[in-house]
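Participant: The structure under discussion is supplied below as structure tokens; questions concerning it will follow.
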Amino acid sequence: MPRPKSKRPWSEVVKAAPGPLALVQAFLNTDDGIRRLDEIGSPEALTGWLRHRKLVGAGFTATAEDVQRTHEVREALRTVIRAHHLGRLPEEAALRLNRETETGAIRVLFAPDGATRFEGASDGVASALAQILAAFALGQEAGLLTRFKICDNPRCGRAYYDRSRNGRGRWCSMEICGNRAKANTRRRRAARARASE
């Protein structure tokens, strides 16, 4: 009998990233490869997602070009995270993210207590993406990237924070992708065993 699918939402199943990487994780996970859903796949959806996270103001409205730009940055960022664990960053992804950071669409604000935060210098996609990339840079500076990963399930591609004891987790969730991978491995082994009989 097949194991039942998780009844919990993805936001509860996937290991949450700490600190500034939570925004990066939410951004990367707008693309759900398993269910074939894209939370920012249209101008209206992107507008709502950015407004909800206060990355743009209430008067902002995304365009089709903004959606394309956002998708390019999302994929380049996903590539950078995968490459971080494999050792070599593809030049094309690095160039795409570098182009995005050249906009100067972000500023650093200093609070009286010494805390700092980033804020968009304008009300648009450039500013929102700059804030996401700044959060990624903060996570890297804090040493959090060693456990910030992309699921090994090629259909999934979700970002997750590896909370395993040895830091060698491979799936966003053992409950979903890990169990699928193990079931596939068992099926392949059984098929090989039958073929060799």
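Here is a yes/no grid of residues against (1) more than 24 Å from Arg117 (Cα to Cα); (2) crowded, with 16+ Cβ neighbours inside 10 Å:
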site: Glu44; (1), (2): yes, no
site: Trp49; (1), (2): no, yes
site: Gly59; (1), (2): no, no
site: Val67; (1), (2): yes, yes
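Participant: Let me ask something else about it. How many residues does the range 161-179 contain that are touching a strand residue (DSSP E or B) at 6+ places or on another chain (Cβ under 6 Å) and either aliphatic (A, V, I, L, M) or crowded, with 23+ Cβ neighbours inside 10 Å (or both)?
Facilitator: 1
For every residue, the table says whether it meets (1) farther than 18 Å from Thr70 by Cα; (2) touching an Asp or Glu at 6+ places or on another chain (Cβ under 8 Å).
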{"position": "Glu92", "(1), (2)": "no, no"}
{"position": "Asn98", "(1), (2)": "no, no"}
{"position": "Thr101", "(1), (2)": "no, no"}
{"position": "Arg107", "(1), (2)": "yes, yes"}
{"position": "Ser122", "(1), (2)": "no, no"}
{"position": "Ala135", "(1), (2)": "no, no"}
{"position": "Leu138", "(1), (2)": "yes, no"}
{"position": "Glu141", "(1), (2)": "yes, no"}
{"position": "Leu144", "(1), (2)": "yes, no"}
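Participant: Okay, moving on. Go through the range 74-170 and tell me which strands (runs of 3 or more DSSP E), entirely inside it, have 2 or more residues that are in contact (Cβ under 8 Å) with a residue 24 or more places away in the chain.
Facilitator: Result: 148-150, 159-161.
Participant: Have a look at Phe148, Phe118 and point out the one that is surrounded by 18 or more Cβ atoms within 10 Å (Cβ to Cβ), touching a helix residue (DSSP H, G or I) at 6+ places or on another chain (Cβ under 6 Å) and at pLDDT 80 or above.
Facilitator: Only one candidate qualifies: Phe148.
Participant: Another question, if that's okay. Please count how many residues of the range 12-66 are out of contact with any Leu (no Cβ under 9 Å at 6 or more places or on another chain) and in a helix (DSSP H, G or I).
Facilitator: 16
Participant: Give the residue that is surrounded by the most Cβ atoms within 10 Å (Cβ to Cβ), with candidates limited to residues of the range 23-37 that are touching a residue at least 24 places away in the same chain (Cβ under 8 Å) and more than 20 Å from Gly124 (Cα to Cα).
Facilitator: By that ranking, first place goes to Gln25.
The values are calculated or read from the model by the stated rules, or taken from the named source; none is laboratory data. Computed from a prediction, not measured in an experiment: that's the story for all the values here. Glycine gets a Cβ as well: all are built from the backbone with ideal geometry, and neighbour counts include every protein chain shown.
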